[in-house]
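The structure under discussion appears below in the form of structure tokens.
The values are calculated or read from the model by the stated rules, or taken from the named source; none is laboratory data. Just so it is clear, the structure is predicted and the values come from calculations on it, not from any experiment. Because the Cβ atoms are built from the backbone with ideal geometry, glycine has one as well, and the counts that use them run over all protein chains shown. Accessible surface areas use protein heavy atoms only, side chains included; no ligands, DNA or RNA. Shrake-Rupley method; radii C 1.70, N 1.55, O 1.52, S 1.80 Å.
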Amino acid sequence: MKTALGLNGPNLNLLGTREPAVYGSQTLDDVQALCAHACNAHGFALDFRQTNHEGTLVDWLHEAGQLQAAGTLAGVVLNAGAYTHTSVALHDAIKGTGITLIELHISNVHAREAFRHHSYISPAAKAVMAGFGVNGYALAIAGLAGI
Ligand code: DQA
């Protein structure tokens with residue numbers, strides 16, 4: 001059974017209480033449960049993580065590259081949070097490892113502030129998903145199953 005890796009960046013640990021009008025009222029634990037359900041439906045094992053640290057995300061992407069090379073990883077669903085809009089290091093890590101990665105955002109970043117319209121992740125991602133709320137995670141896992 002291949003693994004789907006769900007990676008979450010800064011401030012996503014605050015889901016449930018963080019700007020609920022934008023991100024909804026479900027917690028990150030709720031999102032993990034939703035992802036586990038989706039993985040179960042698509043025959044994936046789930047590895048679900050969150051960090052507030054950019055370098056940790058880089059390390060996890062490198063780990064994903066090794067797992068993909070070993071044939072045990074289906075792909076990565078990455079919500080890089082604000083690092084989406086700032087991080088050349090994440091762009092380089094995705095490019096450098098060649099991993100199959102779906103960029104995910106809970107909110108429709110293109111309908112928000114101008115500084116959220118640019119993504120360093122998108123040019124390195126297989127697909128981009130934004131604006132479906134936390135249900136986007138399940139849709140992204142379904143997308144991975146179809147790749
Ligand atoms: C986000 C959108 C980002 O602009 C923001 O910095 C986040 C969350 C989203 O899921 O909608 O932290 O990635």
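With each run of n ≥ 4 DSSP H residues scored as -39500 (n - 2.57), what mean residue ellipticity at 222 nm is computed for the chain after dividing by its residue count and rounding to the nearest 500 deg cm²/dmol? Could the numbers behind the result be given before it?
Details: 5 runs with 57 residues, N = 147.
Rounded to the nearest 500, the figure is -12000 deg cm²/dmol.
Given R₀ = 22 Å, what would the calculated FRET efficiency be for Ala70 paired with Met1, taking r from the Cβ atoms and rounding to 0.05? Don't skip to the end; give the middle numbers.
Numbers: r = 14 Å, r/R0 = 0.62.
The calculated FRET efficiency here is 0.95.
Using a simple charge model, +1 on the beta-carbon of Lys and Arg, -1 on the beta-carbon of Asp and Glu, nothing else, what dipole does the chain show about its Cα centre, in debye to the nearest 20? Before the final figure, lay out the partial values.
Numbers: 7 positive and 10 negative charges, 53 e Å.
Using only the charged Cβ atoms, the result is roughly 260 debye.
Could you check the spin-label model distance between Asn52 and Lys126? Points 7 Å from the Cα along Cα→Cβ, value in nm.
The two pseudo-label positions are separated by 3.2 nm.
When the label point is put 7 Å from the Cα of Lys95 along its Cα-to-beta-carbon vector, which residues of segment 54-88 have a backbone N closer than 13 Å?
Those under the cut-off are 87-88.
Starting from the Cα of Ile147, move 7 Å in the Cα-to-Cβ direction to define the label point; list residues of segment 85-100 whose amide nitrogen is under 12 Å from there.
Residues passing the 12 Å test: 94-95, 98-100.
Expected output is a single nm value to one decimal: the length gained when fully extending between Leu139 and Asn11, i.e. 0.36 nm times separation in residues minus the C-alpha distance. What is it? If you can, show how the numbers build up before the last one.
Working: separation 128, 0.36 × 128 = 46.08 nm, distance 2.17 nm.
Difference between extended and current length: 43.9 nm.
Considering only protein heavy atoms and a probe of 1.4 Å, how much of the accessible area of segment 12-111 is carbon and sulfur, as a whole percent? It would help to have the intermediate numbers written out before the result.
Details: 2280 of 4530 Å².
Ligands and nucleic acids excluded, carbon and sulfur give 50 percent.
Can you give the alpha-carbon Rg of the chain over 2.2 N^0.38 Å, where N counts its residues?
Numbers: Rg = 13.9 Å, N = 147, 2.2 N^0.38 = 14.7 Å.
Rounded to two decimals, the normalised Rg is 0.95.
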